[in-house]
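Quick note: the coordinates plus some simple rules give every number you see, no bench work behind them. In this text, all values refer to a predicted model and were calculated from it rather than measured experimentally. Note: ideal-geometry Cβ built from the backbone for every residue, glycine included; neighbour counts use all protein chains shown.
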Amino acid sequence: MLQRIADFWAAYASTLSYGMVNAFFALATYATLSAGILSFAAVTFGAAGGFLGAQLVLHSGLPMVAIFVLSGCAGLAMALVIAVVFLRLSSHWMALASLALVLITRVFVLNAPVLTGGVNGLSIPQRLPMGWLAVALGIVVIGFYTLHHSWYGIAARAVREDPSVAACMGIDARRIQFIAFGVSGIVGGLGGIMLALYLQFVSPDTFFIGVAFTMIAGTVLGGSHHWFGPVLGAAVFTALPTIMQAIVPDIQDIANGVALLLIMIFLPRGLIDPRAIRLRRVAR
Amino acid sequence: MKLLTLSEVTKSFGGVTAVGGLSFAVRQGLVTGLMGPNGAGKTTVINLITGLLHPDSGSIRLVESELGVAAPHVIAQLGLARTYQNVRLISGMTALEQVMAGSFLKRETSLIASFLHLPAARRRMRALEERARHLLSRVGMADRADVLAETLSYGEQRRIEIARALGAEPRLLLLDEPTAGMNAAESHAIGELIHRLRDEGLTVLMVEHNMKLVADFCEHVVVMNFGRLITEGTPAACIDDPDVQEAYFGKARDADRLGALR
Amino acid sequence: MDLFFSQLLNGCSLGALYALFGIGFGLVFATMGILNAAQGCYASWGAIVALYAAEELHLPFPLTVLAGIAGGAAIAIVVDQLGFQPLRNRGVGMLGALITSIAFWIIFDSLAGFATGQQSLSFPFGTFPAGMFTAGEVLLPIMQLLTIGGLIVVTVGMHGLSAHTRFGAAMRAVGWDPVAAALGGVNSHYVVIVTAGLSGAISGLAGVLGGITTSNVSFMLGQGLMLKGFAAVVVGGYTDVRGTAIAGLALGILEVFCGQYISTSLRDGFTYALLLAFLLLRPQGLFGAKSFVRA
């Protein structure tokens, strides 16, 4: 029996780790989404944190904790710059601009081999202990919990649902969204170093459309109105391909797409929807 | 004292002049009614005052400060709060949460303190929650505090919106048709609430169609039509004014002609 | 000088593909507010259907192009009605539509992979006009001329439709507010289906022409067009197809000349940097209108 558990763990621990790494990116996307901004920029924040972290692992002697913190800071710095530039645009332009940003990030990474290893990438001979990953994710989750119940959380919900009404209540939408980008930057930067350590490798393709797609799908799937949604969504979205690969290996891609489609048709607001929960409570 | 002064305010959208050369003042401590038939430009005036729109020309002054092109959240910080013609409550929030959101300007908590949930911050939020419940009971919605606001009836939602506006402890309250959809008793209750608020020092500018409400509870009335001022004065004087009657009910000549057609 | 002209034509032909694809993509974004990740599939499948018509059904060239266009339109309508319509009925916003479009992207790209045996196929010799047109000293490949011609026809047609017909006004009304449009007597559902079909048809055409000229009939075709077509829409402004057309042509020309005279690795970077610059400095594009937000 114990052997069965050990075997199961050996087979799926890596998937669990990958799910936790994805949760960082999903939460980074949620951070801006919860203030009304659809943005893929968390990919770029991840690139900042991932490449800086990788270089620190390879060349500095710093302890892991310090590297995590610095990766988060790199993401934060990138986010603040992006925020200043992007927040001059209206929301649907920001979505397009963030998509363009992801494309440009890859080109930049390709053409700055000193920083990023260029087309060959950087190999990182350092494992990611699952314990570290879980603790880091736990701290981030606690952070989101406290934000949700703070004045920032109240203001962000108002800004997301109705920016005009929020403004007439004295809420400076731009300031709230700036903070949202900051949070997204820290969490994205952390996600970047986590992903780099998980893959033990970073390259121009690491922080590209694949990550963008997984993180947005995970956030929407899990539910974009509560911080637990992205965590759950990332878990489901990571587990889904593994399950499909086990059940229907030949058509696993199509099966993934169909599963995603079915979830969107039946649960368009995602798995975790506080409003639906409240509506059901009223109905009773 | 003139709390809010509009001078020659003009706003056009394409070829349509929604507000043209409008000038009037709202005196502190009074309940002023803003009347006019549908399409007269009343909601546009409210949007201009609160900063959601900016005038093409003219000035809007709060006491002596020019509101000009200030952003809505800055204007709110100066002490203005409003309700909306079509109720705009925040989706997904309970009645209590709506009022808490409205109390944002009273939070007296820094971002760091709020994020770290320091004891002082927690105390302040609890105090504001108490205050929010109190505001809800003032509008008769105490027992609905934890209900999803969007599931409540239209009249109940309007009252919650008023409580939300009061959350910011404004000095000027702008109400856009607060009693639309209410019966006589409910409207009267709102009127009495407005008078109680006025007695506590609040200045109110109220857009209303309900003539009885205006007659009973407004001390000064401004009447608009086609974006322009028709007349202003006491409610009785305005309601009897032939220009006002024509704006609302049409020309007496036309009424006769229609009668002849039947 | 000959090299310059032939490169110019290459650039225009490539740019015409980007522009055509962008027009289709921009149509969905402008009228329905949806960032459609599945748009590339309309192009890929347009090419695949056209190839099938040419190879298996032995249809003449004009009919294979028509088949490709019809294929793109059909898939677009399926995606819209199966994926986006339920979301519209439930008032779910752009976010849900984006994810749904990603789901369809995965599905149709996988199916395309199966259809082409995970390979990049070419149109057999004889199924398309492979000749040259002589203009004095210069030899111009007919396919490239047809591609550019296709762009001109589509641009003129779509602009005329949008700006000068009642259907065009209906499209714009539905895009702004479907309920208000319905109250004004517009059959919103019908307009939406036709708009989706047009979007798929135009991107499908880009796919057919692209599949022939680049010998790359596969799911990769659509993906390649997606990024550049998207850039054309942003730089050109999505409210006016003429802007997209000009931007697409410019992008194609810039890309070819950049690759020729500067460097191939920086070529894409140049395009995306231009894209970002426009988004930041002039988000409405070269020819777009600044939209306003009502209180």
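Relative to the Cα centre, the charge distribution of region B:1-157, modelled as +1 at Lys and Arg Cβ and -1 at Asp and Glu Cβ, gives a dipole magnitude of about 380 debye. Across chain A, the relative contact order, built from alpha-carbon pairs under 8 Å that are at least six residues apart, equals 33 percent.
Here is the P(r) of region C:102-221: all C-alpha pair distances, binned every 10 Å from 0, give 12, 28, 27, 22, 10, 1 in whole percents. Overall, the protein assembly as shown carries a charge dipole of about 1340 debye about its Cα centre when +1 sits on the Cβ of Lys and Arg and -1 on the Cβ of Asp and Glu, all other atoms neutral.
Each of A:Val220, A:Ala259, A:Gly191 was scored by the projection of its Cα onto the charge dipole of chain A, and the greatest displacement toward the positive side belongs to A:Val220; charges sit on the C-beta of Lys, Arg, Asp and Glu. Once you reduce region B:1-73 and region A:1-20 to the center of their Cα atoms, the two points are 66 Å from each other. Projected label points at C:Val78 and B:Arg196, each 7 Å from Cα along the beta carbon direction, are separated by 6.4 nanometres.
Sequence-distant contacts, meaning Cα pairs under 8 Å at least 6 residues apart, place the relative contact order of chain C at 36 percent. So what is the relative contact order for chain B, in percent, with contacts set as C-alpha pairs under 8 Å and at least six apart? About 26 percent, as a whole number. Please label the shape of region C:2-228 as rounded, prolate or oblate, based on the square roots a ≥ b ≥ c of the eigenvalues of the alpha-carbon gyration tensor (a/c under 1.5 means rounded; beyond that, a/b larger than b/c means prolate, else oblate). It comes out prolate by the Cα gyration axes. Projecting the Cα atoms of C:Tyr42, C:Val192, C:Phe125 onto the dipole axis of region C:2-228, where Lys and Arg carry +1 and Asp and Glu carry -1 at the beta carbon, places C:Val192 farthest toward the positive end. Taking only Cα atoms, what is the 0 to 90° angle, nearest 10, from helix C:241-261's long axis to the longest principal axis of chain C? Value to nearest ten degrees: 40. On the beta carbon distance between B:Tyr154 and B:His54, with R0 = 30 Å, the FRET formula returns roughly 0.45.
Couplings 3J(HN,Hα) for region A:88-105, derived from phi with the Karplus relation 6.51 cos²θ - 1.76 cosθ + 1.60 (θ = phi - 60°), are 7, 9, 7, 4, 6, 6, 5, 4, 5, 4, 5, 5, 4, 4, 4, 4, 5, 4 Hz, where x marks Gly and Pro.
List the pairs from B:Lys106/B:Lys212; B:Lys42/B:Lys106; B:Lys42/B:Lys212 whose alpha-carbon separation is above 23 Å, in the order I gave them. Where the Cα-Cα span goes over 23 Å, the pairs concerned are B:Lys106/B:Lys212; B:Lys42/B:Lys106.
In this label model, B:Glu169 and B:Leu30 are separated by 2.7 nm, measuring between points 7 Å along each Cα→Cβ vector.
Determine, from the Cβ-Cβ distance of C:Ser6 and A:Tyr12 and an R0 of 45 Å, the FRET efficiency 1/(1 + (r/R0)^6), rounded to the nearest 0.05. After rounding to 0.05, the efficiency reads 0.20. The 3J(HN,Hα) values that the Karplus relation (6.51, -1.76, 1.60; θ = phi - 60°) gives for region B:49-60 are, in residue order, 5, 7, x, 6, 10, 10, x, 5, 7, x, 9, 10 Hz. Gly and Pro appear as x. The gain in end-to-end length when the B:Ser137 to B:Asn38 segment is fully stretched comes to 32.4 nm, 0.36 nm per residue minus the alpha carbon separation. Label positions at B:Leu118 and C:Gln223, each projected 7 Å from the Cα along the C-beta direction, are separated by 5.2 nm. Considering helices alone, the calculated mean residue ellipticity of the protein assembly as shown at 222 nm is -21500 deg cm²/dmol, with DSSP H runs of length four and up weighted by -39500 (n - 2.57) and normalised per residue. So, R0 is 51 Å and r is the distance between the beta-carbons of C:Thr134 and B:Lys251; what FRET efficiency does that work out to, to 0.05? Efficiency for this residue pair is about 0.05.
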